[in-house]
Amino acid sequence: MTSASKPTILVVDDDAIIRKVIERVLADEFTVLEAVDGEDGLQKAREISPAAVIADVQMPKMDGFALCKAIKDDFEISDIPVMLMSAAENTDELLKVYDVGGEGFITKPLNPKVLLSRIHHMLQVCADREQLKSQIHFATTTAFTAMSSMSETGLLMETLKHFNGSNTPMGLAKQVMSALQQFQLEGVLQLTTDKEVIALNSSGVATGVERAVLQQMANMDRIVQFRKRLSVHYPNVHLIVNNMPIEDEERCGRLRDHLAILIEAAESRLDAIKVKATLAATQNQLAIMNSIQSLTTTLTEIDQQQRIGKSERAVLFGDVMMQLESSLSAFGLSDSQEENLLNIVRSGWEKIAATYTDEAALQDKLTEVVHTLKVSLEEPN
C-alpha cells in the first residue's frame with residue numbers, strides 16, 4: 001500500500017515519545033501525522049480531515065475531551081472518529097468519552113495489538129455507519145411520519161404487538177430501536193443471549209465506548225435518570241437514552257413509563273425466543289431418538305430372524321439326510337453306491353455352509369450394532 005493510498009491518522013499528544021510509539025505501530029497501514037496539543041490538533045484536523053484522530057486526555061491548552069467535543073461540534077469535521085487515551089479506565093472516564101462523542105478509548109501503556117485492533121474496529125464501524133445513513137434517514141423519516149398519526153401510547157401498543165412476530169434477538173433489537181426513533185429519542189441498546197451479545201445505537205452497531213458504558217451501568221438500579229440521560233436495565237436487555245426531553249416534564253414522565261414497559265416486554269420476548277429455541281432443539285432430539293428406537297427395533301428383528309433361519313437350515317439338512325438314508329434302500333443300491341451318494345450330498349452341504357462364514361461375521365457385527373443402539377437409548381441424556 002503506497003503512502004498516498006493509506007488512510008491518515010492524526011496523533012495528538014504533548015509527549016513526543018508516545019507520538020513516535022504510535023507512529024511505529026501504525027506506519028505499515030496508515031499515514032501518521034502529529035500534533036503537540038489540542039489546539040494544534042484541532043487546526044490540523046480542519047486542514048487535513050484525517051480518517052481518525054487519536055488524542056491524549058491530559059494535554060496543555062486544550063485537553064483530549066475538549067478537542068473531541070470541538071471536532072464533534074464542527075459540522076465540517078464532525079464525522080471524524082476520535083479515540084481518546086488515558087492512564088485509567090473507569091466509569092467517570094468512559095462517561096466523559098461518551099459525553100463528548102468519542103468513538104474509541106484505550107489505556108496507557110499502549111498495547112500495539114490492542115491499538116491496531118481498536119483502530120480497525122472504530123474505522124469499520126464508521127464505514128458501516130456511512131453506508132447505513134441513507135437507509136437510516138429514510139427509516140427515520142417514515143417513522144416520524146407515522147408518529148403524526150399515532151399517539152405515544154398507540155405507538156407503544158403497536159410495538160408490543162409486533163414483538164410477537166420477532167423470532168430472533170436481532171429482529172427484536174431492531175424493533176426496539178425503531179420504536180426509540182419513533183419516540184424521537186436516541187440511545188444504545190444491548191441484548192444478551194447464551195450465544196451472542198447484540199449492541200445497537202441509533203445509527204447501527206454500537207461503538208466500543210457505548211458497550212463499555214452499558215457494561216459499567218448494568219449493575220445500577222433498574223431505572224435511573226440523570227439530566228437528559230435515562231437508563232433502563234433488565235437481566236438481558238439494557239437501554240440508555242441520551243436525549244430525554246427534560247424541558248417538557250409531562251412528556252418526559254410519559255416516555256420514561258413507556259420505555260420501562262417497552263424494555264420489560266423486550267425482556268419477556270427475549271425469554272420466549274430462548275424457550276422456543278430450546279423447545280425446537282428438544283423436539284429435534286426427540287425425533288432423532290424416535291428414529292434410533294425404530295431403527296433398533298427393525299435391526300433387532302432382522303438379527304433374530306437371521307439367527308433363527310441359520311438354526312432352521314441346520315435342522316432341515318439333518319432331516320433331509322435322515323430321509324435320504326431311509327429311502328435309499330428302496331432303490332436296491334449297494335452299500336458303496338449309497339455311501340457315494342450320501343457323500344455327494346454332504347460335500348454339497350459343506351460347500352453351501354462355507355459360504356455362510358462371511359455371513360456369520362456380518363451377523364456378529366449386526367448384533368454388536370444393535371447392542372450399541374440399545375445402550376445409547378438406555379443412557380440418560
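The values are calculated or read from the model by the stated rules, or taken from the named source; none is laboratory data. Source: prediction; values computed, not measured. For neighbour counting, all protein chains shown are included, and Cβ atoms are generated from backbone atoms with ideal geometry for every residue, glycine included.
Taken as a whole, the condition of being out of contact with any Asp or Glu (no Cβ under 6 Å at 6 or more places or on another chain), under 18 Å from TYR234 (Cβ atoms) and surrounded by fewer than 21 Cβ atoms within 10 Å (Cβ to Cβ) does not apply to ALA179. Selection of strands (runs of 3 or more DSSP E) fully inside segment 188-235 by the criterion of at least 2 residues being of a type in the set (Ser, Thr, Tyr), touching a strand residue (DSSP E or B) at 6+ places or on another chain (Cβ under 6 Å) and surrounded by 14 or more Cβ atoms within 10 Å (Cβ to Cβ) returns nothing. If you check THR153, THR145, THR141, THR193 for being modelled with pLDDT of 85 or more and of a type in the set (Ser, Thr, Tyr), only one passes: THR193. Report yes if GLU34 is touching a strand residue (DSSP E or B) at 6+ places or on another chain (Cβ under 7 Å), assigned to a helix (DSSP H, G or I) and among the acidic types (Asp, Glu), otherwise no. Considered against the rule, which asks whether it is touching a strand residue (DSSP E or B) at 6+ places or on another chain (Cβ under 7 Å), assigned to a helix (DSSP H, G or I) and among the acidic types (Asp, Glu), GLU34 comes out as no. Selection of segment 103-128 for residues being within 23 Å of the chain's Cα centre (by Cα) and either among the small types (Gly, Ala, Ser) or farther than 16 Å from VAL32 by Cβ (or both) yields GLU103, GLY104, VAL114, SER117, HIS121, GLN124, VAL125, CYS126, ALA127, ASP128.
Of all residues in segment 65-107, which are in a helix (DSSP H, G or I) and in contact with a Ser or Thr (Cβ under 8 Å, 6 or more places away or on another chain)? Full working, then the answer.
Within segment 65-107, the subset in a helix (DSSP H, G or I) is 65-73, 91-99.
Residues satisfying the conditions are ILE71, LYS72, GLU93.
Please go through segment 156-172 and give me each residue that is outside any loop (DSSP other than H, G, I, E, B) and touching a residue at least 40 places away in the same chain (Cβ under 8 Å), ordered by number.
LEU156, THR159, LEU160, PHE163, PRO169, LEU172
Here MET244 clears all of (1) in contact with a Lys or Arg (Cβ under 7 Å, 6 or more places away or on another chain); (2) in a loop (DSSP other than H, G, I, E, B); (3) under 30 Å from ILE119 (Cα atoms); (4) not polar (S, T, N, Q) except the condition numbered (3). Here ASP73 fulfils each of the conditions (1) surrounded by fewer than 18 Cβ atoms within 10 Å (Cβ to Cβ); (2) touching a residue at least 12 places away in the same chain (Cβ under 8 Å) apart from (2).
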